[in-house]
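Chemist: Here you go, one structure.
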Amino acid sequence: MHNKKALVTGGTRGIGAAIAKELLKTFDHIVITGTKEENKGCEGLDFKKVDFLNKQELAEFLDFVKKSNFDVIINNAGINEISEFEEIEIEIFDRIMHVNLR
């Protein structure tokens, strides 16, 4: 797949990093997102910082996506809270839903 570009949100670690690594085998250019840069210096892999809870960063990111003409976009970004469900504060629940669902 020559000259193919892919975007993997939440691609700095875990499942997203594994997806990005696999895509590097067949795609020329991969962009990963995260809140902290964890790009290990792989050729063909670029990092874009975006916090999906930050309205300005999100708006800038959406502009970037519109202009980039990606062939594949994998929406993998997500956050979690490790605790008993009934102990999660509503603000934390809302933040999780905002990033993971919205």
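Chemist: Determine by what factor the alpha-carbon radius of gyration of the chain differs from 2.2 N^0.38 Å, reporting the quotient.
Modeler: Numbers: Rg = 14.8 Å, N = 102, 2.2 N^0.38 = 12.8 Å.
Here the answer is 1.16, to two decimals.
Chemist: I'd like the GluC sites (Glu not before Pro) in the stretch 12-102 restricted to DSSP loop residues with at most 14 other Cβ atoms within 10 Å, sorted by number.
Modeler: Working: sites: E22, E37, E38, E43, E57, E60, E81, E84, E86, E87, E89, E91; in loops: E37, E38, E43, E81, E84, E89.
In loop regions of the stretch 12-102 (DSSP not H, G, I, E or B), the sparsely surrounded GluC sites (Glu not before Pro) are E37, E38, E43, E81, E84, E89.
Chemist: Once both axes come from the Cα atoms, what is the angle between helix 14-23 and the longest principal axis of the chain, in degrees from 0 to 90, rounded to 10?
Modeler: Approximately 10 degrees, to the nearest ten.
Chemist: Let me ask another. With a 1.4 Å probe and all protein chains left in place, how much accessible area per residue does the chain have, in Å²?
Modeler: Numbers: 7290 Å² over 102 residues.
On a per-residue basis, the chain sits at 71 Å².
Chemist: What percent does the relative contact order of the chain come to when contacts are Cα pairs within less than 8 Å and at least six residues apart?
Modeler: Values: 154 pairs, mean separation 28.7, N = 102.
Computed value for the chain: 28 percent relative contact order.
Chemist: Straight-line reach from K4: which aspartates and glutamates fall under 12 Å, measuring Cα to Cα and dropping same-chain residues less than 8 apart?
Modeler: Counting by Cα, and skipping residues close in sequence, K4 has these aspartates and glutamates nearby: D28, D71.
Chemist: Determine, for each peptide in 45-55, 8-18, 67-77, the mean count of other beta carbons within 10 angstrom over its residues, then list the peptides with the highest first. Spell out each step's value before the answer.
Modeler: Working: 45-55: 15.7, 8-18: 19.5, 67-77: 14.0.
Descending packing order for the listed peptides: 8-18, 45-55, 67-77.
Chemist: Another one. Starting from 0.36 nm per residue, how many nanometres of slack lie between E22 and I82 once their C-alpha separation is accounted for? Please report the intermediate quantities before stating the final value.
Modeler: Working: separation 60, 0.36 × 60 = 21.60 nm, distance 2.83 nm.
Result for the pair: 18.8 nm of gain on full extension.
Chemist: Now, a different point. For the pairs K5/K67; K21/K67; K25/K66; K25/K55; K21/K49; K21/K48, note any where the Cα-Cα span goes beyond 22 Å. Please report the intermediate quantities before stating the final value.
Modeler: Numbers: K5/K67 12 Å; K21/K67 24 Å; K25/K66 25 Å; K25/K55 34 Å; K21/K49 18 Å; K21/K48 16 Å.
From the list (K5/K67; K21/K67; K25/K66; K25/K55; K21/K49; K21/K48), the Cα-Cα distance tops 22 Å for K21/K67; K25/K66; K25/K55.
The values are calculated or read from the model by the stated rules, or taken from the named source; none is laboratory data. Values in this document were obtained by computation on a predicted structure and should not be read as measured data. All Cβ positions, glycine included, derive from the backbone under ideal geometry; neighbour counts span all protein chains shown. Heavy atoms of the whole protein, side chains included, go into the accessibility calculation; ligands, DNA and RNA do not. Shrake-Rupley method; radii C 1.70, N 1.55, O 1.52, S 1.80 Å.
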